[in-house]
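None of the figures in this text is laboratory data; all of them are computed from the coordinates on show. This is a predicted model, so every value here is computed, not measured. All Cβ positions, even for glycine, are placed from backbone atoms using ideal geometry, and neighbour counts span all protein chains on display.
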Amino acid sequence: MSLLNFTHREILSTIFNDFSNDFEFTADGVFRRITPPLCPDCGFPMSHNGFNTYRKGHLGEANVGRYLCGTCRKSVEEDRSFWDDLKTGFFSILADICLRLRLNHASYELIEEIMSFLYPRDKDTIRNMVQSATDKLEVPPVKDIQFVHYDEQHPKAGRNQKYRLTLLDSISRQVIADELFDSKDADTIEDFLRRNLDNHKPVFIVTDLYRGYSEIFKRIFGDKATHQLCLLHLNKLIVNDFPRKTNIKQELLKYRLLNIFYNREHEVEYLSGLIEEENAMLQKSRREYKFWIVEVRRQFREFIHDLELKRRRESKNLEMRTYYEALKNFKDLHSKIDSFESAVRRRLIKIEELWPKLTAFYFVDNAPATNNAIENYYSTSLKTHRKKQLEENGIVDQIKLSALNRSGLFEKPKRTLLDAFFMFIPFLDTG
Ligand SMILES: [Zn+2]
């Protein structure tokens, strides 16, 4: 159906569908009752008495009939809700367009520029539109929370340090809560978790390794919480234990550590094959060794890259170790702990201490081992390179918009901006 084929009469009958045949739309474009109503004050019949004109820039104008009581001089205006509805219909679509642009990280400057092609609005008006539209939307609650991810971000709002605390449902990938605070002390985190999780239900919760969340979980859930530390975060810490430019011996040790929980057998094998050669090269001049190691590192990077491409082609993730493989790999390394550099010794001691929390996922069906889900959520909801320059309201908007998006609220529009605009055709300002 194209509204372009509609006559004015048809458009008007759509608009005034709610009104009975008692109303007319005169040749002069006045909307009024055919027979004027009775006076609300004295009850005598009123008479037609001109109209009031309502204008909306670029869209048109409506003439709304007035009635006058000949007895007591009372003046009354006809109901103009049809006009307000037309405007709401148009501007809610405009607001929807702005929301989607914001969701995709468009700045208010850019939105203002785009709006100048559609319906010019200044930046402040757009900001108000986005904020009031966002406030009206409700994020649907997630049911049956069992497996959750918890993480933090530390965005800056102007010069103020803010803390973004996020809970994500692991199965539905929906946002349970995503809030901004001025502090991330234990009390703030505890209150955030208490408000957003049911502490009567058992919970499996994944966090990073940075701080002792365990005590907070214990206070809230008693022994009903299973705490998993993110294995990808552990891997990042392992990589950071080594200098950026390693020799082959260090690189091999790094990959043996990464090999505890993920299958890095190919890399370990590749590097093991270079150890003897490195020992021989170390007998030669510094210059010769340096020349050699630079080339060998380049080849290894290429080798890793090819492995990654192969996994991507086959749509596979890095293979996880079974519990017994992980335990065996860890014990092998731990038995040689005295031969390693201090950063690696400390890492192994830490892994041993955290072992139950690193391996909790092995003992719960379908439990996640990483906070990958929340990392992905963060990377789509608030770009790291942008989060520093956002204002506080901007951050809150952005957080809520992505939560709404994840819960499927932004579906295909029911009407286009043109559909809403065509309804104004009978009212176009022809003067
Ligand atoms: Zn009267």
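Taking the number of Cβ atoms within 10 Å of each Cβ as an exposure proxy, the fewest-first ranking of Ile337, Ile205 is Ile337, Ile205.
At a threshold of 8 angstrom on Cα-Cα distance, excluding pairs fewer than six apart, so keeping six or more, what relative contact order does the range 31-145 reach in percent?
Values: 117 pairs, mean separation 18.7, N = 115.
Value for the range 31-145: 16 percent.
The label-point distance for His154 and Phe363, in a model that sets each label 7 Å from Cα toward Cβ, rounds to 3.3 nm.
Counting Lys +1, Arg +1, Asp -1, Glu -1, what net charge surrounds Tyr255 among other residues with beta carbon under 12 Å of its beta carbon? Overall, the nearby charge balance is 0. In this structure, the amide hydrogen of Thr370, modeled 1.01 Å from its nitrogen in the peptide plane, lies closer than 5 angstrom to those of Leu231, counting only residues at least 5 positions away or on a different chain. Rounded to whole numbers, the Karplus 3J(HN,Hα) couplings from phi for the range 296-301 are 5, 4, 4, 5, 5, 4 Hz, using 6.51 cos²θ - 1.76 cosθ + 1.60 with θ = phi - 60°, and x at Gly and Pro.
Phi angles across the range 84-99 convert, under the Karplus curve 6.51 cos²θ - 1.76 cosθ + 1.60 with θ = phi - 60°, into 3J(HN,Hα) values of 4, 5, 4, 5, 4, x, 6, 6, 6, 5, 4, 5, 4, 4, 4, 4 Hz, Gly and Pro given as x.
Applying 1/(1 + (r/R0)^6) with r as the Cβ-Cβ distance of Gln283 and Asp338 and R0 = 25 angstrom yields a FRET efficiency of 0.45. Counting charges near Glu190 (Lys, Arg +1; Asp, Glu -1) among other residues having Cβ under 10 Å from its Cβ returns a value of -1. Of the three principal axes defined by the Cα atoms of the chain, the extents in descending order read 113, 52, 42 Å.
In order along the range 312-323, the phi-based Karplus estimate (6.51 cos²θ - 1.76 cosθ + 1.60, θ = phi - 60°) of 3J(HN,Hα) comes to 5, 4, 8, 6, 10, 8, 4, 6, 7, 6, 6, 4 Hz; Gly and Pro are listed as x. Is the C-alpha gyration tensor of the range 235-291 telling us rounded, prolate or oblate? Criteria: a/c under 1.5 is rounded; beyond that, a/b larger than b/c is prolate, otherwise oblate. Verdict is oblate for the range 235-291.
Going down the table (Lys284/Lys331; Lys254/Lys400; Lys336/Lys357; Lys236/Lys310), which pairs top 28 Å between alpha carbons?
Values: Lys284/Lys331 35 Å; Lys254/Lys400 40 Å; Lys336/Lys357 23 Å; Lys236/Lys310 22 Å.
In this structure, Lys284/Lys331; Lys254/Lys400 exceed 28 Å between Cα atoms.
Rounded to the nearest 20, the Cβ-based charge dipole of the chain about its Cα centre (Lys and Arg +1, Asp and Glu -1) stands at 1420 debye.
Only helices enter the 222 nm calculation for the chain: every DSSP H run of n ≥ 4 contributes -39,500 (n - 2.57), and dividing by all residues gives -15000 deg cm²/dmol, rounded to 500.
Pull out a ≥ b ≥ c, the square roots of the eigenvalues of the alpha-carbon gyration tensor of the range 325-364, then state rounded if a/c is under 1.5, prolate if not and a/b is larger than b/c, and oblate in the remaining case. Verdict is oblate for the range 325-364.
Can you give the relative contact order of the chain as a percent, counting alpha carbon pairs under 8 Å and 6+ residues apart? Answer for the chain is 19 percent.
A compact globular protein would have a Cα radius of gyration near 2.2 N^0.38 Å; the ratio found for the range 71-199 is 1.53.
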